[in-house]
Amino acid sequence: MVFEIRIKGQVQGVGFRPFIYRLAIENKVNGWVNNTNEGVLVEVSLPVNQIESFCEKIKQEAPKLAKITNISFEEIERKPVFEKGFHIIKSERNTKTNVLLSPDFAICPTCRKEIHTQNDRRFLYAFTTCTYCGPRYSITQKLPYDRELTSMEAFCMCADCQKEYDNVENRRYFSQTNSCKKCGVQLSFFDKHRALLTNESDEVLKLSVEALKEGKILAIKGIGGYLLMCDANNEQTIAILRQRKHRPTKPFAVMYPSLKLLEEEISLKEQEKEALANETASIVLLNAPDSTLATTGLLGVMLPYTPLFELIAQTFAKPIIATSGNLSHSPIVYQDDNALAELLEIADCIIQNNRAIVVPQDDSVLRFSPIYNQKIVLRRSRGLAPTFIQASLALKNNVLAMGAMLKSTFAITHENNVYISQYLGDLTDFDTQENYRHTLKHLSEVISFEPSTILIDKHKMYPSSEMGKAMAQKQKLNLVEIQHHQAHFAAVLAENDLFGSKEPILGIIWDGTGWGEDGQIWGGEFFEYQDDLGLERVAHFDYFSNLMGDKMAREPRLSALAITHEVEDVQEFIRRKFSETEWNLYQKFLSQNSNINTSSVGRILDGLASLLGILDKSTYEGEAAMYLEAKAREFFDKNSAEITSYNLVCNAENKINLNPMIKQIFEDIQKNVSIEKIAAKIHFSLIKLIQGIANRLKIKRLAFSGGVWQNAVLVDLAFQHLDDFELFFHKQLSPNDECISFGQLAFYSFLKTP
């Protein structure tokens, strides 16, 4: 009997065809396998009673990097193409595309060993890859995933590489990125004056390490763009980097040469080790209170994830600062000409290579809560994007969701697949908007996507909303507006497969800002969801003035002024944070009834951080709240005894009045209670508030989303003190605004829409 087997999911660029070939040979099955625009297609000649077991073997023994979403087979009424043997044949291409894109993979242990082995032909080759590692998404121009449809098309394999590529016993069998020093990617070293010093690879590696030792700043081209790198122990160089990059206080990520060296300096948990060393190789935020680089007690750490970084880091043998190659608030630089034009304002030299990056990506970032080890994704990008796999999810097709403004992403549903772009940054910056457009155009072309519906945030001034509206008008498409926090709630519901729940679910959606349905700025919201009843806002923090608009997010003292406006004694206490002119101006604004107000927990935490004297002016988003969390973490690390909560309750009007808590906090300040203890009590009070509202509404299932839930202390307190409830957090996505685009898709698919 002849059968066709169709396999869908993340099955290209992960060694799937060689795997099928070997499986068929082992089982003495005749036929062929190829890549198609819909996944992997297999033809086999088998007795009817063996086809199911063969498909089961495919599922059970698939390559580690593969993610199968569907496998099906059907009998075909014709003779087999091959009567004997099994073959990998040329990929089939058509206009229909239904395949998940593979992300970029970190260097595997075998390739890492090869580049350090002197008698190996890939010794010191900085672009060593195999079927199980190397760039994928960042070099893909079209589908299916074949060499000539990637930026590797420029490199013709030498005889030795071709021999590996054709050898079924070799792990580089059908490896589309296969290359070596003879035929592969070439390094170049440019000095501060844009002069090419050498393009001899070994010499480039030598000059790079020498430059690090001399205290220079290097811009090095990686998988998704350029990284700025320097000696992490050289305080003077780091100070220069901060000045040139316009990043005065925000922590830098640090690349350690090895896990062994990292463990000598910082204690690691098993989950953190695995996240650092797996195929994603994300940046992981570690608890590092003794590190001079950890301004909030946390240090972002990564291991070398490309052969080039591995060779430089191992030779330098010390930690290296590794931060995105850009000016603050701008997208990562990934094109060589732009690197020479822009990055030499920051870097002292540039290390380029002649393999083009098709689509840029920052490094992914995550952390684990200190007690319960809950994974919290902070940035979903290299190694994770753009594919989102959740087998039970069924969203409406041909929909484009434009996402939010800060931490922007877009999301696409196409042929029953979901694609969520990598983190794209703050769309207030024009260059970021251009990068957003480029990434959307690239992904749409790769998967042959054309939307029929566009979803946007209700905040019409978001650049993403403006772009979506313009696209819908130009192409005469259906346009739907979805409220920001409802999208947050829908995202966490969909991630946890909670749509259709007959039990009510309470959504605790806390963040910095989002345009509310009543024209106010929301951010401290409680929603209830139940199937057939939809989604309803059931409580929120009482409104306070959204003082000076966006300036408020940059100056926590303004949040402090706004949340204490009705507490006279506290107002006098914080008056010293302002000049007389500022004070009179802001009092005038506060007295106007026409102000836009907010319920934002993000701004509340900012204001409380300022009230406690922690920070009055931020240099990056969320800085004040991070310091407040750090103070709370310090207290909980040293004190096991339970603490009391402040008076924070929801009144009969379903509003949470801050004034009683602020008065109690001020009393603690006057009693010289430690800042650490007050910060801990603030965090604990928020959890007790959730408990009280959930009990009053008699809801036992709680779901959390919004940027505030990046706070690991809050997450741990939720697990510790809400143990009578069933808790749901994000799994693959960040709770911050990166999940908004996916939430828009979920809301549109499962809830009532306008």
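The values are calculated or read from the model by the stated rules, or taken from the named source; none is laboratory data. Since the structure is predicted, the reported quantities are computational estimates derived from the model, not experimental observations. Reconstructed Cβ throughout: ideal geometry from the backbone, glycine too, with neighbour counts over all protein chains shown.
Some points to look at:
- In the stretch 472-517, residue farthest from Gly607 (Cα to Cα) [restricted to those that are surrounded by 24 or more Cβ atoms within 10 Å (Cβ to Cβ) and either among the charged types (D, E, K, R) or out of contact with any strand residue (DSSP E or B) (no Cβ under 9 Å at 6 or more places or on another chain) (or both)]: Ala494
- When restricted to residues that are over 29 Å from Phe105 (Cβ atoms) and outside any strand (DSSP E or B), the stretch 61-78 contains 3.
- Members of the stretch 146-169 found to be modelled with pLDDT under 95, part of a loop (DSSP other than H, G, I, E, B) and either over 34 Å from the mean Cα position of the chain (by Cα) or hydroxyl-bearing (Ser, Thr, Tyr) (or both), listed by number: Asn167, Val168, Glu169
- For the stretch 294-328, residues that are modelled with pLDDT under 95 and of a type in the set (S, T, N, Q) total 4.
- Pairs linking a residue in the stretch 449-475 that is under 19 Å from Thr439 (Cα atoms) to a residue that is surrounded by fewer than 23 Cβ atoms within 10 Å (Cβ to Cβ) and among the charged types (D, E, K, R), with Cβ atoms under 6 Å and 6 or more positions apart or on different chains, are Ile456/Glu481.
- In the stretch 119-133, the residues that are at pLDDT below 95 form Cβ pairs under 9 Å with partners that are part of a loop (DSSP other than H, G, I, E, B) and charged (D, E, K, R), at six or more places apart or across chains, as follows: Thr131/Arg171; Thr131/Arg172; Tyr132/Lys64; Tyr132/Arg171; Tyr132/Glu279.
- Selection from the stretch 98-115 of residues that are touching a residue at least 12 places away in the same chain (Cβ under 8 Å) and out of contact with any helix residue (DSSP H, G or I) (no Cβ under 7 Å at 6 or more places or on another chain): Asn98, Val99, Leu100, Phe105, Ala106, Cys108, Thr110, Glu114
- Filter result (more than 20 Å from Lys90 (Cβ to Cβ) and assigned to a strand (DSSP E or B)) within the stretch 9-44: Gly9, Gln10
- Scanning the stretch 290-307 for residues that are more than 21 Å from Val377 (Cα to Cα) and part of a loop (DSSP other than H, G, I, E, B) returns Asp290, Ser291, Thr292, Leu293, Thr306.
- Any chance Ala472 is in a helix (DSSP H, G or I), over 29 Å from Lys700 (Cβ atoms), out of contact with any Asp or Glu (no Cβ under 7 Å at 6 or more places or on another chain) and not basic (Lys, Arg): yes
- Qualifying residue in the stretch 557-578 (condition: surrounded by 16 or more Cβ atoms within 10 Å (Cβ to Cβ), basic (Lys, Arg) and under 18 Å from Gly512 (Cβ atoms)): yes
- Top-ranked residue of the stretch 640-655 - restricted to ones that are among the hydroxyl-bearing types (Ser, Thr, Tyr) and touching a Lys or Arg at 6+ places or on another chain (Cβ under 8 Å), ranked as surrounded by the fewest Cβ atoms within 10 Å (Cβ to Cβ): Thr644
- Filter result for the condition that a residue is charged (D, E, K, R) and either in the same structural domain as Val446 (by TED's automatic domain parsing) or touching a strand residue (DSSP E or B) at 6+ places or on another chain (Cβ under 8 Å) (or both), over Glu61, Glu56, Glu26, Glu38: Glu38
Results for (1) assigned by TED's automatic domain parsing to the domain that holds Glu623; (2) outside any helix (DSSP H, G or I); (3) touching a strand residue (DSSP E or B) at 6+ places or on another chain (Cβ under 6 Å); (4) of a type in the set (Val, Ile, Thr), shown as yes or no for each residue.
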| position | (1), (2), (3), (4) |
| --- | --- |
| Ala694 | yes, no, yes, no |
| Leu702 | yes, yes, yes, no |
| Asp716 | yes, no, no, no |
| Gln720 | yes, no, no, no |
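- Under the condition of being more than 14 Å from Leu384 (Cβ to Cβ) and either assigned to a loop (DSSP other than H, G, I, E, B) or within 15 Å of the chain's Cα centre (by Cα) (or both), the residues counted in the stretch 404-423 number 8.
- All of (1) under 21 Å from Leu615 (Cα atoms); (2) among the hydroxyl-bearing types (Ser, Thr, Tyr); (3) not in a strand (DSSP E or B) hold for Ser501 with one exception: (1).
- Whichever residue in the stretch 156-173 is surrounded by fewer than 20 Cβ atoms within 10 Å (Cβ to Cβ) and touching a residue at least 40 places away in the same chain (Cβ under 8 Å) and, among such residues, is farthest from Leu124 (Cα to Cα): Val168
- Hey, Leu276 in a strand (DSSP E or B), touching a helix residue (DSSP H, G or I) at 6+ places or on another chain (Cβ under 8 Å) and aliphatic (A, V, I, L, M) or not: no
- Filter pass, Ser618 being within 29 Å of the chain's Cα centre (by Cα) and not in a helix (DSSP H, G or I): yes
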